[in-house]
Amino acid sequence: MSSCCSPTPKTSDHARQDTHRQEVRDAYTKVANASNQGDTCGVESSCCGVSDDSAINTLISTRLGYSEEDLAKAPDGADMGLGCGNPRAIASLKPGEVVVDLGAGGGFDCFLAAHEVGVTGRVIGIDMTPDMLSKARNNAVKGKFSNVEFRLGEIEHLPVADESVDVIISNCVINLSPDKPQVFREAFRILRPGGRLAISDVVATVELPEQMRNDPALIAGCMGNASLIQDLEAIIREAGFDNVRIEPKDESREFIRDWAPDHNVTDYILSATIEGVKPNCKPREECCQESVGFG
């Protein structure tokens, strides 16, 4: 029997994560619907904003590192001016490879990757927002992309088989997760040995104030949940990746400052490229045993 003096149970980590995830899902549902209706949602130049003006979205995307030629390869409506970089620029995609995009949105990066992997390759976009997934699938039909598919799922629990993927790309999405270590464990699971990460995301250069970390708008805007560079590197290595490189982009200050004009966000965060490779070998002790005839 409970009493009035019994301590109030603390909200479980699982419940907090669900709340976090639902807030992000709600935010991106609004983004998808605003884009479908030719409306605006949020700050137009933000990584989670969208404009009905294609010229604005083109300007945003070229600032992120995409070329005019890139933009012409995707169906109308796929480029919503989202993201904080161009992960495909560091992915070195090859014909025949299987690529997974974590947080595919309207499918923009998937469609660009599809051109590079060709008809012998395949691209799988994962998104947890049904409205965004519907938009991406419609874009694939419009663009007649037979080598692209979109799956509903959370990036912490990927609907993809073990060791079936060559490259994972992602553009300003992993920061939206309430459990980044689990995201990278899942990435490691689905990659083949030798598979690689090619990610653009926001990193913290100094510790963010609690006010920023607890701001739902900044969290949904890929900023409030940014990890310190050294902490993020440790998370990725702990998941099993080698050759981890995180390179902040000083030039990203030019567009990040526009994401949250009421906050001095560039004092705390920058866009960065994030790379890693799943080792070809088994754990060292297993390799060593096999090399001397044990096991």
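No lab work stands behind these numbers, since they all come straight from the coordinates. All of these numbers come straight from a predicted model, not from anything done at the bench. Reconstructed Cβ throughout: ideal geometry from the backbone, glycine too, with neighbour counts over all protein chains shown.
Quick look at the values:
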| item | result |
| --- | --- |
| Label-point separation, VAL277 to ALA15 (7 Å along Cα→Cβ), nm | 4.6 |
| Nearest-0.05 FRET efficiency for ASP76 and ASP242, computed from C-beta distance (R0 45 Å) | 0.65 |
| Projected area averaged over orientations for region 83-291, convex hull of C-alpha atoms, nm² | 12.2 |
| Additional length obtainable on full extension of the chain from ARG257 to ALA161, 0.36 nm per residue less Cα span | 30.6 nm |
| Anisotropy class of region 83-202 from Cα gyration tensor, a/c 1.5 cut | rounded |
| Pairs from LYS249/LYS278; LYS73/LYS180; LYS94/LYS142; LYS144/LYS278; LYS144/LYS180; LYS94/LYS278 whose Cα-Cα separation, in the structure shown, is over 26 Å | LYS73/LYS180; LYS144/LYS278; LYS144/LYS180 |
| Paramagnetic reach from ARG192 (point 7 Å along Cα→Cβ, amide N under 12 Å) across region 92-117 | 94-99 |
| Difference of contour (0.36 nm per residue) and Cα-Cα distance, ASP250 to ASP267 | 5.0 nm |
| Chain lengthening between LYS94 and THR120 when straightened (0.36 nm per residue, less Cα-Cα) | 8.4 nm |
